[in-house]
Structures are given as C-alpha cells and as structure tokens.
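The values are calculated or read from the model by the stated rules, or taken from the named source; none is laboratory data. Please read these numbers as outputs of a predicted model, since none were measured by experiment. As a convention, Cβ positions derive from the backbone with ideal geometry for all residues, glycine included, and neighbour counts pool all protein chains shown.
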Amino acid sequence: MGEKRTPVVDALGGLLIVDKDGGWTSHDVVAKSRRLLRTKKVGHAGTLDPMATGVLVLGIERATKMLGLLTLTTKAYTATIRLGQSTITDDAEGEVTATTPAGHVTDADIASGVAELTGDIQQVPATVSAIKVNGERAYARARAGEDVRLAARPVTVSRFDILERRNIDSDGGQFVDLDVEVECSSGTYIRALARDLGEKLGVGGHLTALRRTRVGPFTLEHARTLDQLTVSAEAEEPLLSLDIDEAARTAFPIREVDEKQAADLRNGRWLEPIGVQGVYAAVDPAGHAIALVQESGKRAASVMVVRPANL
C-alpha cells in the first residue's frame with residue numbers, strides 16, 4: 001500500500017481557475033488537478049473542447065458543491081473563423097466536406113451576416129456536441145456514422161465583433177480568416193456561429209481557433225496554466241485561485257448576518273427573508289461565507305451550507 005497523500009488544501013477548498021491548453025480535454029485537466037492537489041474532490045463547471053484554450057472553472061473539496069449554483073450564464077471568447085471551407089465538426093479537427101472560394105466576400109457582406117447572428121437567435125448545435133440524443137451523446141452517434149440532426153435552441157449572442165480580416169490564398173483554396181470576439185449565453189456554440197456565418201455568405205465556414213476569456217465573473221486574470229500550477233505545487237505555493245470565501249463573494253450577492261443568524265444557518269435553520277432575488281451568500285462578521293441562501297415565501301433557507309456546525 002502506498003502512503004496516503006494529504007490534500008494540499010483544507011476541507012473547505014475553493015475554486016481553481018485554469019487556463020486550459022489546447023489538446024487537453026476538461027477531464028484531463030480535472031485528473032491533473034487531482035494529482036496536484038492530492039484530492040479526488042475536484043469537479044468542473046462546464047467543459048471546453050480539446051481544441052479550445054482558456055478559462056475552465058474547477059471546484060475543489062467542499063466548493064465542488066458550489067459549482068451547480070454558480071451563475072455562469074455569460075461567457076466570452078476570442079476565436080478565428082475560416083470562411084471558404086466547411087468541416088464535418090464545424091472546427092479544424094474535422095474532415096473537410098466542401099471548399100468554396102471566399103475572396104470575393106466583402107466586409108459589408110460579413111457585417112450583414114454577423115448582424116443576423118447577433119441578439120436572441122435560434123441555433124442548431126454542432127453535430128459533434130455533447131447534447132444527448134435518446135440517451136447517447138450526439139458526438140458518439142455522429143462518429144458512429146449516424147446522420148445526427150439536432151433541434152435549434154434559443155441562445156443569446158450579445159456581442160459578435162470582427163477584429164481583423166485576412167485573405168488567405170493557399171493550394172487548398174482561397175479563404176478569408178476572421179479574428180472575432182464573442183460574448184454569449186451559456187449553451188452557445190461558437191463553431192456553430194462559424195458554420196452559420198459561412199452558410200449565410202454562401203461559402204461555408206468553420207472554426208480554426210477558440211479561446212474562452214471569461215466564464216461568469218471569472219476571467220483569464222484569475223487563471224493559471226497547468227504548467228504554472230505544477231511549478232507552484234513543486235514550490236509548495238498555494239494553488240487555489242480563490243478560497244471558498246473569496247469564491248462566494250465573487251460569484252454571489254452578499255447578505256451580512258450576525259453570529260446568531262450564522263449559527264442558525266450552520267445548524268440548518270432558516271432566516272427571515274430580506275427581498276433578494278436568486279441565490280446569495282450569507283457572510284458572518286468575520287467575513288466567512290456561512291451558507292448560500294435562496295428566499296421563498298417567508299423563508300430564506302440554505303441551498304448549500306458552506307460551514308455546517310459539524311465541520
């Protein structure tokens with residue numbers, strides 16, 4: 001039997017914001033983080049495709065219970081869209097299905113197409129998405145050769161800006177590469193935006209690069225790469241991006257409670273409501289997050305006790 005490794009964080013834990021490298025799955029990042037933190041209690045809030053880089057939010061120890069309550073409804077990305085080529089996956093990792101010269105497409109054409117894909121739109125997710133079809137992931141059915149057809153879903157694209165255009169002439173064709181910034185609701189597929197923009201312009205399109213820069217309130221400023229985290233671990237430096245108290249203050253509105261109210265929450269009792277919508281953090285006079293609370297009728301009850309009386 002090997003020696004049991006002691007976790008490098010306390011039982012409360014917190015959030016680890018990773019700047020994911022390309023080529024890694026979200027599961028790979030979780031597995032690596034478990035080794036670095038010496039604990040199995042690691043979960044993630046929303047995946048990133050292997051091709052994508054950027055912000056991935058991990059919950060550690062007790063903070064894993066917080067992940068499902070985080071309001072991560074808005075996300076921001078930088079990406080590169082290639083016009084003039086379609087792929088089976090709508091990104092650069094899939095087989096090319098069609099190539100059409102795109103050099104004639106004007107900036108005005110592109111702006112018009114982008115405008116149609118901005119705001120509240122109906123979007124058909126990418127065929128190789130993780131959406132379940134009759135209990136099986138769409139990507140598994142697609143890779144098995146099945147013709148997968150997913151229903152359109154409402155999403156919101158609040159910002160879709162073209163940063164730069166590059167005309168690319170190569171042996172493979174005449175392409176237009178667009179560097180873009182997108183802010184959108186959770187559930188929006190950026191590669192589906194690339195596909196749909198290409199379709200609207202009549203030349204096809206796919207995604208060649210994707211970087212998530214923000215998830216809810218968590219940005220690249222909070223994030224470190226796995227290489228940086230490995231160096232920190234070897235130097236025995238703190239690994240968490242935010243401890244559980246910082247995470248609560250960053251992600252939720254705050255309600256300050258006194259010692260008696262804190263004790264009530266720690267023991268599973270409820271408080272009088274104060275008229276706040278949604279989930280908020282109850283914080284004691286010492287600045288500790290005691291519970292995440294939601295009001296209903298005449299009760300403000302815990303949806304997660306951060307510091308139960310027996311901890």
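With the requirement that a residue be aromatic (Phe, Trp, Tyr) and either over 26 Å from residue 45 (Cβ atoms) or more than 31 Å from the chain's Cα centre (by Cα) (or both), what does the stretch 239-275 give you? It would help to see each step written out before you state the result.
Of all residues in the stretch 239-275, those aromatic (Phe, Trp, Tyr) come to 252, 270.
Within the stretch 239-275, 270 is the sole residue that qualifies.
Return the residue satisfying two criteria in turn: it lies in the stretch 57-80 and is touching a Leu at 6+ places or on another chain (Cβ under 9 Å) and of a type in the set (Gly, Ala, Ser), and of such residues it is farthest from residue 308 (Cα to Cα).
It comes out as 79.
Which pairs do you get when a residue that is under 19 Å from residue 122 (Cβ atoms) and in the same structural domain as residue 91 (by TED's automatic domain parsing), found in the stretch 195-218, comes within reach of a residue that is buried (at least 20 other Cβ atoms within 10 Å of the Cβ) and among the basic types (Lys, Arg), reach meaning Cβ atoms under 7 angstrom, with the pair 6+ apart or on two chains?
Short answer, once both residue conditions are applied: 205/82; 205/195.
Regarding residue 272, is this residue charged (D, E, K, R), within 26 Å of residue 72 (Cβ to Cβ) and either in contact (Cβ under 8 Å) with a residue 12 or more places away in the chain or not assigned by TED's automatic domain parsing to the domain that holds residue 60 (or both)? Lay out the reasoning, then the answer.
Details: charged (D, E, K, R): yes; within 26 Å of residue 72 (Cβ to Cβ): no; either in contact (Cβ under 8 Å) with a residue 12 or more places away in the chain or not assigned by TED's automatic domain parsing to the domain that holds residue 60 (or both): yes.
The answer is no for residue 272.
Determine whether the stretch 279-294 contains at least one residue that is more than 21 Å from residue 70 (Cβ to Cβ), touching a residue at least 40 places away in the same chain (Cβ under 8 Å) and not polar (S, T, N, Q).
Within the stretch 279-294, none of the residues are more than 21 Å from residue 70 (Cβ to Cβ), touching a residue at least 40 places away in the same chain (Cβ under 8 Å) and not polar (S, T, N, Q).
Testing residue 237 on (1) in contact (Cβ under 8 Å) with a residue 24 or more places away in the chain; (2) in a loop (DSSP other than H, G, I, E, B), one condition comes back false. Which one is that?
Here residue 237 clears every test but (1).
Checking residue 310 against (1) over 29 Å from the mean Cα position of the chain (by Cα); (2) farther than 20 Å from residue 9 by Cα, which test does it fail?
Unmet condition: (2).
Against the condition surrounded by 20 or more Cβ atoms within 10 Å (Cβ to Cβ) and in contact with a His (Cβ under 8 Å, 6 or more places away or on another chain), how does residue 86 come out, does it pass?
Numbers: surrounded by 20 or more Cβ atoms within 10 Å (Cβ to Cβ): yes; in contact with a His (Cβ under 8 Å, 6 or more places away or on another chain): yes.
The answer is yes for residue 86.
Which ones in the stretch 9-40 are in a helix (DSSP H, G or I), free of Cβ contacts under 8 Å to residues at least 60 places away in the same chain and not polar (S, T, N, Q)?
Correct list: 27, 28, 30, 31, 34, 35.
Looking at the stretch 160-190, which of its residues are in contact with a strand residue (DSSP E or B) (Cβ under 7 Å, 6 or more places away or on another chain), outside any strand (DSSP E or B) and at pLDDT below 95? Explain how you work it out, then say what you get.
Residues of the stretch 160-190 in contact with a strand residue (DSSP E or B) (Cβ under 7 Å, 6 or more places away or on another chain): 160-168, 172-173, 175-190.
Now restrict to residues that are outside any strand (DSSP E or B): 172, 186-190.
Of everything in the stretch 160-190, those that are in contact with a strand residue (DSSP E or B) (Cβ under 7 Å, 6 or more places away or on another chain), outside any strand (DSSP E or B) and at pLDDT below 95 turn out to be 172, 186, 187, 188, 189.
Yes/no per residue for (1) crowded, with 17+ Cβ neighbours inside 10 Å; (2) more than 25 Å from residue 174 (Cα to Cα):
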{"residue": "53", "(1), (2)": "yes, yes"}
{"residue": "60", "(1), (2)": "yes, yes"}
{"residue": "77", "(1), (2)": "yes, yes"}
{"residue": "81", "(1), (2)": "yes, no"}
{"residue": "91", "(1), (2)": "yes, no"}
{"residue": "94", "(1), (2)": "yes, no"}
{"residue": "97", "(1), (2)": "no, no"}
{"residue": "104", "(1), (2)": "no, no"}
{"residue": "112", "(1), (2)": "no, no"}
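Condition test on residue 9, is it among the hydrophobic types (A, V, I, L, M, F, W, C), over 30 Å from residue 170 (Cβ atoms) and modelled with pLDDT of 95 or more? Let's see the steps before the verdict.
Numbers: among the hydrophobic types (A, V, I, L, M, F, W, C): yes; over 30 Å from residue 170 (Cβ atoms): yes; modelled with pLDDT of 95 or more: no.
So residue 9 fails the test.
Are any of the residues in the stretch 45-57 in the same structural domain as residue 241 (by TED's automatic domain parsing) and over 16 Å from the mean Cα position of the chain (by Cα)? Give the steps one after another, and end with the answer.
Taking the stretch 45-57 as the starting set, the residues that turn out to be in the same structural domain as residue 241 (by TED's automatic domain parsing) are 45-57.
Those still in the list that are over 16 Å from the mean Cα position of the chain (by Cα) too: none.
Within the stretch 45-57, not a single residue is in the same structural domain as residue 241 (by TED's automatic domain parsing) and over 16 Å from the mean Cα position of the chain (by Cα).
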